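These notes are about the structure you will find just below.
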Amino acid sequence: MTRTWVLIADNHRGRLFERQARGHALLELADFVYPNDSALGGGHHESTLTKGHGATGHAGTQFEPHSDPRAKDRRMFSQLLAAHLNDGVASQQCGALVLIAPGPMLGDLRPRLSVSAGNALRHSVDSDLTHFEGRELQQRVDQALQFVH
């Protein structure tokens, strides 16, 4: 029987479950929490105006490209989660993967999966279920996956 890992994630929390078969209970394996350092500063970030040497080689005023700190946090967290999934597939702890996360997180996670983990990926569902627990979580996972089977 193939063990399926179900990752339920958002930008700052990832919960990893194992499911033996469709309809079976979810067994929580790990709970990942990524600290939101960007929120500590109140979430106010501006583009930085700097003096420096640009591509032209002379001093001038340049705008640093704006990067959303939440997107940077999400990318860093997705890298951590993907590494755990990649290791699980490589060590044969699971044979199938399901990702349930909001679209931006899915977009950051999928490209970080190894070839083997990418081949093990069965479903990706655009949904945020990180705040649900117990029976309600089980029902919502079943509901999310019923449309992809």
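No value in this document is a laboratory result; all are computed from the given coordinates. This structure is a prediction, so every number in the text was calculated from the model and none was measured. Counting neighbours? That spans all protein chains shown, and the Cβs are built from the backbone with ideal geometry, glycine included.
Some notes on this structure:
- Overall form of region 70-149 per C-alpha gyration tensor (a/c, 1.5; a/b vs b/c): oblate
- Extended-chain gain in nm, criterion 0.36 nm per residue less alpha-carbon gap, Q139 and D31: 37.0 nm
- Local net charge near F77, Cβ-Cβ under 10 Å (Lys/Arg +1, Asp/Glu -1): +1
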